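First comes the structure, then the notes that go with it.
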Amino acid sequence: MPEKKPFQRLPNDVSPVNYDLRLIPNIEKFTFEGEEDISVQVKNATSKVLMNSVEIAVQSVQYTGEGQDITEGVDVTYQEEDETITLNFPQELKVGSGTLKIKFTGELNDKMKGFYRSKYFGPSGDERYGAVTQFEATDARRSFPCWDEPAVKATFDVTLTVPSNRVALSNMPVKSESVEGELKTLSYERTPVMSTYLLAYCVGEYDYVEAKDADGVLVRVYTPVGKQEQGQFALEVAVKTLPFYKEYFQIAYPLPKMDLIAIADFAAGAMENWGLVTYRETALLVDPVNSSSASKQWVALVVGHELAHQWFGNLVTMEWWTHLWLNEGFASWIEYLCVDFCFPEYDIWTQFNSQDLNKALELDAMKSSHPIEVPVGHPAEVDEIFDAISYSKGASVIRMLHDYVGDKDFRKGMNLYLNKFKHQNAFTEDLWAALEQSSGKPINKIMSGFTNQMGFPVLKVSQVQQGSNRVLTITQEKFCADGGSGDASSSTWMVPISVSTSSNPDIVAHRALMDQTTITLTLENVKEGEWVKLNAGNVGFYRVQYSSEMLDALLPAIKEQSIPPRDRLGLQSDLFALARAGVASTVDVLKVVEAFQNETNYTVWSDLSSNLASLKVILQYTDYYDEYKRFARNLFSKVMQILGWDKKEGEGHLDGLLRSVVIGQLGSCGCEETKKEAKKRLSAHIDGSSILPADLRAPVFSTVLQDADEDLFNQVLELFRKTDLQEEKVRILRTMGCVTSESLITRVLDFSLTDEVRSQDTVFVILGCAGGKQGREMVWQFVQDKWDILYKRYQGGFLLSRLVKASTCNFITEEKAAEVEAFFKANPAPAAERSLQQALENITLNKQWLDRDNKGIREFLTSR
């Protein structure tokens, strides 16, 4: 095998100042023509100009500048593997300013990257297409030859020539418009200095709703035709959010307008293009009647996330993809701050623990994790790090930092950073320096431990009572998912510690910075018998392992709910992780779980459910799985009695979310009463006599489909075909795989690759079938059988990584791990390599967990 040549960034002999870019997309032939006049600065005389370009055919190249006028004789060579072209000029370009003129053509591809086509349907159900862009990380080069690196910033003048009956948008407002026959030409105002990956243009049929924010910025939400009312919720969020960030950063939003647009075919959730943010329909549109509470909340978070990038990422941009985490981690943290401001009733920070913190802790305890900051070379490596470490661990360590620094100094530091580097690029260390300056605290030392090394510590804590004081001894070591303690050289972390006690559970009683392996803390005036909890509010990025007497003191507080929800959630989450690592007994954890029977908090239940789900996976391979299901039914029955099926007067947002979780859990554990009621309600929904509330649809679909026959499955499929709400389509697609008969699982898997399922949704349909033992085997076989199709479709994107990991990670035998490894050895998928390693490690962890605790769990569950 030839050695891979080392990746090199583009030389900086010639750099762009402004791109004057003119594009004519042909939506019928799926092609486009382009011309660009690039104002460049030649820094070193050279006869070669190297640029990024993929699947673009260059027709002609000219150069004028410094007494030179080169109109012919330019040879263009393509380096496909490097995604570059070299323009070889017959003479050296002289140092100074010049203009590079390039004519080219390209394809409106169907890969959801670059300048691509997106399918939608007209009023009579006819197929139509639009043309849209997705350039992050490195796909602007699929639309025009350019210097496609985040540090090579320039301004852009965009001109689009499109059918006159279509809407065409770009980052800036329209400067001029002319119509000629059936075509119109729109020129847009010049953008600020920015990176190529933030450029955007969209052509299609859209309606919009609009409003101005408190500062007079025009905000529009573009929706499919006839669906303006579905853009209203996102518009309200955006109009509140822009002034919130302006106030937070103390810097005005830098552009004259803000467009948010729903795209029919879109691989990611959304993309923060400056002034023109693109979204999946499900991440932007909210139907007043048919959208669930979970969908609304999701839209609020995604809007908050993308608008934060307008400052953090767009105004100041990472210098290279190595610092991607800073963009994404920061936006993933501040989206919660913004939603908490807009919707305090969502109690969103408690949900952060479940949705981000715990997801990150789980992945980061594995040997196949990676540091937050990963050296990235070739563009193909970038997709690998769009994962829970960059986003969720990034967000979690920033949340810990914010808590440690305090809001006032944190904001001051953010303002210093953004002002110093605006319209430029920055490194992670630049942010730490600004926060050190504003707070006077050792930010770089603390944070480099959490960003430059993989993993995190577990703090082992014991206590002694000395008179009226409690003395804690805390020791840190690296936490490993397999129960090992990492290698001897693994470094210590500087850990900001916070402690609460039962006398005032909501207040941090003590703070300390742990900067060595073992420390002692003295808590004054803590009486004998009072509980003490580390990581108050669950803000720190670490796990805690208590001595048994400390844990025993906390149990009654869980039962009585006298300990705050975030702390209850953190306790059970740490215990599950310790049990899976073999450091605590799973039986002891199940005893603690029983203390949650009186629980009423949505997020605590939601997190507990997902922890139980990982246990449930391994118990599916035992002969006492039914006993586990009985245990789970008992656990959830009390909260179900309180909630009931129907919304009560005065109920809030979180009650709807909780009801959905509880019904889903009872249904999947075979509760006959739940199954019967779900079936009754679904038939009334299908015949139109009583429409199911949106919050109940997913759990009802999944419960009923478990026992569905061909006839009932066809009725649900008909619901899918009749709805034109993307959220409803996705809801049905994601629950379809709950079927359990072999013939229906086969049908769902085959259906996933038909034209009825959008390419962006196929992966979720396939993975929906992998919940049970039989389905899991069939999914894995299907992935192998259809690998050529799936690989071609998702190659190099994060959907492929997700497919590889989720279709394999829940097996529990060495034979299966070997089989998975052998398949991918024969069918390599470079962009999913890290996901594959994580899946294989997960299989080993599953096996070890079951081998170790099988006997104890069996005895515990059969005695209940």
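The values are calculated or read from the model by the stated rules, or taken from the named source; none is laboratory data. What you see is a predicted model, and the numbers here were worked out from it, not measured in a lab. Every residue, glycine as well, gets a Cβ built from its backbone with ideal geometry; the counts of neighbours run over all protein chains shown.
Quick notes on this structure:
- Scanning region 522-547 for residues being among the small types (G, A, S) and either under 18 Å from S468 (Cα atoms) or out of contact with any helix residue (DSSP H, G or I) (no Cβ under 9 Å at 6 or more places or on another chain) (or both) gives a total of 2.
- Of all the criteria given as (1) assigned to a loop (DSSP other than H, G, I, E, B); (2) within 22 Å of I497 (Cα to Cα), the one not satisfied by A584 is (2).
- The number of residues in region 126-152 that are over 15 Å from L21 (Cα atoms) and either among the polar types (S, T, N, Q) or assigned to a loop (DSSP other than H, G, I, E, B) (or both) comes to 11.
- Helices (runs of 4 or more DSSP H) completely within region 773-864 that count 1 or more residues being farther than 22 Å from Q760 by Cβ: 773-785, 814-826, 833-863
- Close pairs (8 angstrom Cβ cut-off, 6 or more residues apart or separate chains): outside the structural domain of Q68 (by TED's automatic domain parsing) and closer than 16 Å to Q41 by Cβ in region 78-100, part of a strand (DSSP E or B) and of a type outside the set (D, E, K, R) anywhere: none
- Candidates L260, L242 - the one that is in a strand (DSSP E or B), under 29 Å from F410 (Cβ atoms) and either in contact (Cβ under 8 Å) with a residue 24 or more places away in the chain or of a type in the set (A, V, I, L, M, F, W, C) (or both): L260
- Checked against the criterion of being modelled with pLDDT of 95 or more, within 17 Å of the chain's Cα centre (by Cα) and of a type outside the set (A, V, I, L, M), the candidates S396, S390 yield just one match: S396.
- Residue count for region 408-427 satisfying the condition of being surrounded by fewer than 21 Cβ atoms within 10 Å (Cβ to Cβ), in contact (Cβ under 8 Å) with a residue 40 or more places away in the chain and in a helix (DSSP H, G or I): 5.
- Here E107, E33 are screened, and the one residue that is under 26 Å from A268 (Cβ atoms), among the charged types (D, E, K, R), in the same structural domain as D139 (by TED's automatic domain parsing) and at pLDDT 95 or above is E107.
- Residues in region 605-614 that are buried (at least 19 other Cβ atoms within 10 Å of the Cβ) and free of Cβ contacts under 8 Å to residues at least 60 places away in the same chain: W605, L608, S609, N611, L612.
- Within region 511-544, the residues that satisfy the criterion of being farther than 18 Å from K460 by Cβ and surrounded by 17 or more Cβ atoms within 10 Å (Cβ to Cβ) are V526, G537, V539.
- Taking the criterion of being closer than 20 Å to N273 by Cβ and part of a loop (DSSP other than H, G, I, E, B), the residues of region 90-125 that qualify are L108, K111, M112, K113.
- Counting the residues of region 569-618 that are within 30 Å of T813 (Cα to Cα), out of contact with any Ser or Thr (no Cβ under 6 Å at 6 or more places or on another chain) and of a type in the set (S, T, Y) gives 6.
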